[in-house]
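For reference, the structure discussed in these notes is given below.
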Amino acid sequence: NVNGIRAAVKERSTDNLGLLAWLKTTRADVVCLQETRADDVQIADALAPAIADGWHLASAVPHVKGRNGVAVLSRTPFDGVRIGCGAAEFAAHGRYLEVDTAGVTIASVYFPTGEAETDRQLEKERFMAAVAVRMAVLLDANASSGTEAVLCGDWNIAHTEADIKNWKGNVKKAGFLPQERQWLSEVLATGWVDVVRQMHPGVAGPYAWWSWRGQAFDNDAGWRIDYHLVTPGLGARVVAAETERPAAYAL
């Protein structure tokens, strides 16, 4: 989650921690971005140096200016690009983008934050249901044709108590509601693999989001709400999974 692509790519002369600097050094083959808050022209302009370096870009613009938006950067060209998870309600929301590249289907997803007992939560749960339908289709394709898939992004759900530091204080809040956690359990039960949890069983975290309040980042009091869910074949090939933290702020 870049929290605005234009802010993320700004050069930072003192610490060189901007997105463009990271893209020059990362070994990643594919990078999924969420909350770009930009249209196609703006995101292409912001990432122009990366595109010049050989990255390929696909993006899904938000239907509300300054909100949402997802994108995928790939070192290999795209064989297919699909915007939306198939539900008409969310087709233009800029929350789901799917690409085919190097023989793998990859989706960048950005789930609504939600808010317990409000219409915002109901919208989130409708999006959850729509994504689950698409995931079932991808799983069927994997079983029938062997096409592997990765869904990567900001899911805004902490699955278990191990995925949030202060779980007791958040049991009635969006992101850790029983129905959200149950939904994710049901998705995983169909065969999808949570690669980070697979590589870090029985431990707290590793967290991927921290509040700006207090010293949450310094104390690693965070949430694990960003996931890579993969089809079983890819899950069997995973060798490592980690959360990168800037060296200047590493624990």
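The values are calculated or read from the model by the stated rules, or taken from the named source; none is laboratory data. From a predicted model like this one, the values you see are computed outputs, not experimental measurements. Note that each Cβ is placed from the backbone with ideal geometry, even for glycine, and that neighbours are counted across all protein chains shown. All accessible areas refer to the heavy atoms of the entire protein, side chains included, with ligands and DNA or RNA removed. Shrake-Rupley method; radii C 1.70, N 1.55, O 1.52, S 1.80 Å.
For Trp167, state whether it is open to solvent by less than 30 Å² (accessible area, probe 1.4 Å), in contact with a helix residue (DSSP H, G or I) (Cβ under 7 Å, 6 or more places away or on another chain) and aromatic (Phe, Trp, Tyr). No: the conditions fail for Trp167.
When the range 43-74 is filtered for residues that are open to solvent by less than 20 Å² (accessible area, probe 1.4 Å) and within 14 Å of Val109 (Cβ to Cβ), the ones remaining, listed by number, are Ala58, Ala60, Asn68, Gly69, Val70, Ala71, Val72. Among the residues here, Ala130 qualifies as assigned to a helix (DSSP H, G or I) and either under 30 Å from Asn219 (Cα atoms) or open to solvent by less than 70 Å² (accessible area, probe 1.4 Å) (or both).
Given the residues Arg197, Arg213, which is the only one that is of a type in the set (Lys, Arg) and at pLDDT below 95?
Testing whether each residue is of a type in the set (Lys, Arg) and at pLDDT below 95 leaves just Arg213.
Lys24 fulfils the conditions (1) open to solvent by 30 Å² or more (accessible area, probe 1.4 Å); (2) touching a Pro at 6+ places or on another chain (Cβ under 8 Å); (3) basic (Lys, Arg); (4) within 29 Å of Ala241 (Cα to Cα) except for a single criterion, (2). Sub-8 Å Cβ pairs linking a first residue in the range 138-165 that is without any contact (Cβ under 8 Å) to a residue 40 or more places away in the chain to a second residue that is assigned to a strand (DSSP E or B) and crowded, with 18+ Cβ neighbours inside 10 Å, at least 6 apart or interchain, are Ala141/Thr105; Ala141/Ala149, ordered by first then second residue. Do the conditions hold for Thr113, that is, is it in contact with a Ser or Thr (Cβ under 8 Å, 6 or more places away or on another chain) and β-branched (Val, Ile, Thr)? The answer is no for Thr113. Assess whether Ala149 counts as being open to solvent by less than 20 Å² (accessible area, probe 1.4 Å) and under 17 Å from Gly191 (Cβ atoms). Yes: the conditions hold for Ala149. Kindly indicate the residue of the range 193-251 that is more than 30 Å from Gly146 (Cβ to Cβ) and not in a loop (DSSP other than H, G, I, E, B) and also least open to solvent (accessible area, probe 1.4 Å) among those meeting that condition. Among residues in the range 193-251 that are more than 30 Å from Gly146 (Cβ to Cβ) and not in a loop (DSSP other than H, G, I, E, B), the one least open to solvent (accessible area, probe 1.4 Å) is Gly222.
For the range 99-124, name all the residues that are polar (S, T, N, Q), under 12 Å from the mean Cα position of the chain (by Cα) and either at pLDDT below 95 or open to solvent by 10 Å² or more (accessible area, probe 1.4 Å) (or both).
none
Do any residues in the range 106-133 that are farther than 19 Å from Arg82 by Cβ have Cβ atoms under 6 Å from those of residues that are part of a helix (DSSP H, G or I) and open to solvent by less than 20 Å² (accessible area, probe 1.4 Å), where the two are at least six apart or on different chains, and which pairs are they? Matching pairs, first to second residue: Pro112/Lys124; Pro112/Phe127; Gly114/Gln121; Gly114/Lys124; Glu115/Gln121.
Pairs linking a residue in the range 61-88 that is farther than 19 Å from Arg37 by Cα to a residue that is open to solvent by 60 Å² or more (accessible area, probe 1.4 Å) and among the aliphatic types (A, V, I, L, M), with Cβ atoms under 6 Å and 6 or more positions apart or on different chains, are Thr76/Ala102. Where residues in the range 75-98 are aliphatic (A, V, I, L, M) and open to solvent by 40 Å² or more (accessible area, probe 1.4 Å), which of them is nearest to Val61 (Cα to Cα)? Among those that are aliphatic (A, V, I, L, M) and open to solvent by 40 Å² or more (accessible area, probe 1.4 Å), it is Ala92. Within the range 17-44, the set of residues being within 16 Å of the chain's Cα centre (by Cα) and assigned to a loop (DSSP other than H, G, I, E, B) comprises Ala28, Asp29, Glu35, Thr36, Arg37.
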